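Report on the structure given below.
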Amino acid sequence: AVHAERLRLTLRQEVEIRTLLHRELDHRVRNTLATLIGLLHLTAEHADAPTGDVLRETADRVARLADVHSTLTAGGQRHADLRTLVETVAKSVLDLRPSGGIRWTLDVPTAPLRSSQAATIALVLHELFTNCVKHAFRDGAAGTVTVEGRRDGLDLHLTVCDDGLGLPAGALRNGTGLTIVETLVTHTLRGGFWSAAPRGGGCLVHVRVPL
């Protein structure tokens with residue numbers, strides 16, 4: 001009984017120490033990401049137009065990683081929920097366009113994602129939604145973005161479709177956003193990526209991620 005009590009106290013102390021370390025790590029990661037975002041925006045203010053735009057886009061990407069980190073650490077979770085992740089990124093990109101006018105709908109199930117997968121998928125969604133704002137609905141045009149998701153065996157399928165202006169000529173070869181998406185999906189997530197132009201106009205991008 002004495003040995004069992006000592007073991008119980010030791011385990012409780014270890015749990016308390018791990019909890020404190022986790023909180024401290026979370027605090028430092030949040031501060032580091034916030035500092036990095038601030039430095040990127042500050043540097044962008046003193047850079048010429050092309051460089052400044054790239055720095056601001058990079059700051060936005062880091063901000064999406066910070067959003068995912070906050071989602072994962074809010075309740076001490078080790079996994080992120082797919083639907084919550086999609087909603088978080090959509091709100092941070094589509095809802096914050098200065099001129100508004102973009103409606104978006106989700107048909108995405110709740111599904112657990114590992115933290116590493118969640119961070120990468122968040123970046124993929126950020127690039128796709130940003131492309132909608134910059135190209136599909138540029139100059140303040142209104143439109144709709146539809147996000148659909150489903151699980152097929154061990155694969156996750158995500159489709160992002162808009163009814164905007166469609167992909168500009170050469171976008172698949174020269175577009176930075178879609179190049180980032182393809183690289184993240186095929187190399188980091190080991191999945192598949194393809195895009196198409198629906199008959200009614202706009203652009204459709206399909207992503208397959210092995211779970």
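The values are calculated or read from the model by the stated rules, or taken from the named source; none is laboratory data. Just so we're clear, the structure is a prediction, and the values are computed from it rather than from any experiment. Cβ atoms come from the backbone with ideal geometry, glycine included; neighbour counts cover every protein chain shown. Heavy atoms of the whole protein, side chains included, go into the accessibility calculation; ligands, DNA and RNA do not. Shrake-Rupley method; radii C 1.70, N 1.55, O 1.52, S 1.80 Å.
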Q: Quick one: which residue in Leu39, Leu25 is part of a helix (DSSP H, G or I), more than 22 Å from Val181 (Cα to Cα) and modelled with pLDDT under 75?
A: Leu25
Q. Assuming Thr110 fulfils every condition listed in (1) within 20 Å of Leu211 (Cα to Cα); (2) open to solvent by 60 Å² or more (accessible area, probe 1.4 Å); (3) touching a residue at least 40 places away in the same chain (Cβ under 8 Å) apart from one, which condition is it?
A. (3)
Q. For the range 113-151, what are the residues that are open to solvent by 50 Å² or more (accessible area, probe 1.4 Å), out of contact with any Ser or Thr (no Cβ under 7 Å at 6 or more places or on another chain) and more than 23 Å from Ala63 (Cβ to Cβ)?
A. Asp139, Ala142, Arg150, Arg151
(Q) Scan the range 2-20 and tell me whether some residue there is in a helix (DSSP H, G or I), surrounded by 14 or more Cβ atoms within 10 Å (Cβ to Cβ) and out of contact with any Leu (no Cβ under 9 Å at 6 or more places or on another chain). (A) no
Q: Quick one: Gly177 ticks every box in (1) at pLDDT 85 or above; (2) closer than 26 Å to Leu55 by Cα; (3) in contact with a helix residue (DSSP H, G or I) (Cβ under 6 Å, 6 or more places away or on another chain) except a single one, so which number is it?
A: (1)
Q. Counting just the residues of the range 154-174 that are open to solvent by 80 Å² or more (accessible area, probe 1.4 Å) and either in a loop (DSSP other than H, G, I, E, B) or among the basic types (Lys, Arg) (or both), which one comes out modelled with the lowest pLDDT?
A. Arg173
**Q.** Residues located in the range 114-153, provided they are of a type in the set (Val, Ile, Thr), closer than 19 Å to Gly101 by Cα and in a helix (DSSP H, G or I)
**A.** Thr130, Val133
